[in-house]
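I have placed the structure first, in the form of structure tokens, so that the comments after it can refer back to it.
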Amino acid sequence: MEAAKRQRQQLSTSATTTTTSTDDQLQEEALLSPEEIKLRNDRKRFESLLENSIISNNNDNDNNDYLTEAQEEENADAAYRGISRLYEGDPAPSSPFAELRSISNGEPIGSSGVLRYVPWEGGSSKEDYIVVLSDPRPKSIELRCAIRNLLTSASVSKDILSRIIIINPDSPGENRKQLKKYQNSNNLTVLIDEDLEWMREYTALGEKRFSMTLFVLSGGVCRRIAREVDGDLICGVVGNAVKGL
């Protein structure tokens, strides 16, 4: 009897401690600014790199991973060298979206567009997400390959396709011309970053060369980031990146 009583007391104490710890974490989160959250995440990321080695056998995105081994190693190296860029867990700024331009009239989407395209600004649940695929290269062959694969692959559901936003610097006419090639292109959102300001803000220009970058954004946070994405593998990358969200 005494042993059972002690066990119940220990379980009660553990539960109370866990609840208190969780409440403290939530209070701390609410008091931090986006810059402080990013600094904290950078520190945790560096500590994790010191404690863990990268383990990945995914070279062709056949499993639930969305990063190749080379991408994971590049991420680790960038974090170790303190490269200033967005990492997973960092705040996802909403304001840069307002300056993106519509392909229908070439005008900035403004605050109303932010409410329309950015779920956490439009009143959607924190679990709602968008997938952003950006490419700073004009008339990018690789981006066009990715768009073709997204629009023609049976592995990309209509729901996921409706959440994807393509961002590139091409003119409205050039974008409309490319989308006309596909019957279901109206399921895909394309916005223009003519001056590459959105990509600069989201550190999506590339460090050694221009390339495609994929973001999964939810609740004002960068949930997934994949850099130097391969257009031929885009469907698997997107599918694996949104699993579990």
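Derivation of every value follows stated rules applied to the coordinates shown; laboratory data play no part. Predicted model only: the values in this text are computed from it and were never measured. With ideal geometry, Cβ positions are generated from the backbone for all residues, glycine too; neighbour counts draw on all protein chains shown.
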What is the distance, in nm, between label points placed 7 Å from the Cα along the Cα-to-Cβ direction at C145 and at N105? 3.7 nm
The range 116-211 shape via C-alpha gyration tensor axes, a/c threshold 1.5: oblate
Sticking with the crude label model, points 7 Å out along Cα→Cβ, report the distance from L32 to S125 in nm, one decimal please. 2.5 nm
Between the range 126-140 and the range 188-245, what is the C-alpha centre distance in whole Å? 5 Å
When only alpha-carbon atoms count, how far does the range 192-245 stretch along each of its three principal axes, as whole angstroms with the largest first? 33, 29, 20
Distance histogram for the range 89-165 (every C-alpha pair counted, 5 angstrom bins, percent rounded to whole numbers): 3, 12, 18, 24, 20, 17, 5, 0
Ordering 152-163, 196-207, 112-123 by per-residue average of other C-beta atoms within 10 angstrom, highest first, gives 196-207, 112-123, 152-163
Quick check on the range 155-198: take the gyration tensor over C-alpha atoms, sort the square-rooted eigenvalues as a ≥ b ≥ c, and tell me if it's rounded (a/c under 1.5), prolate or oblate. oblate
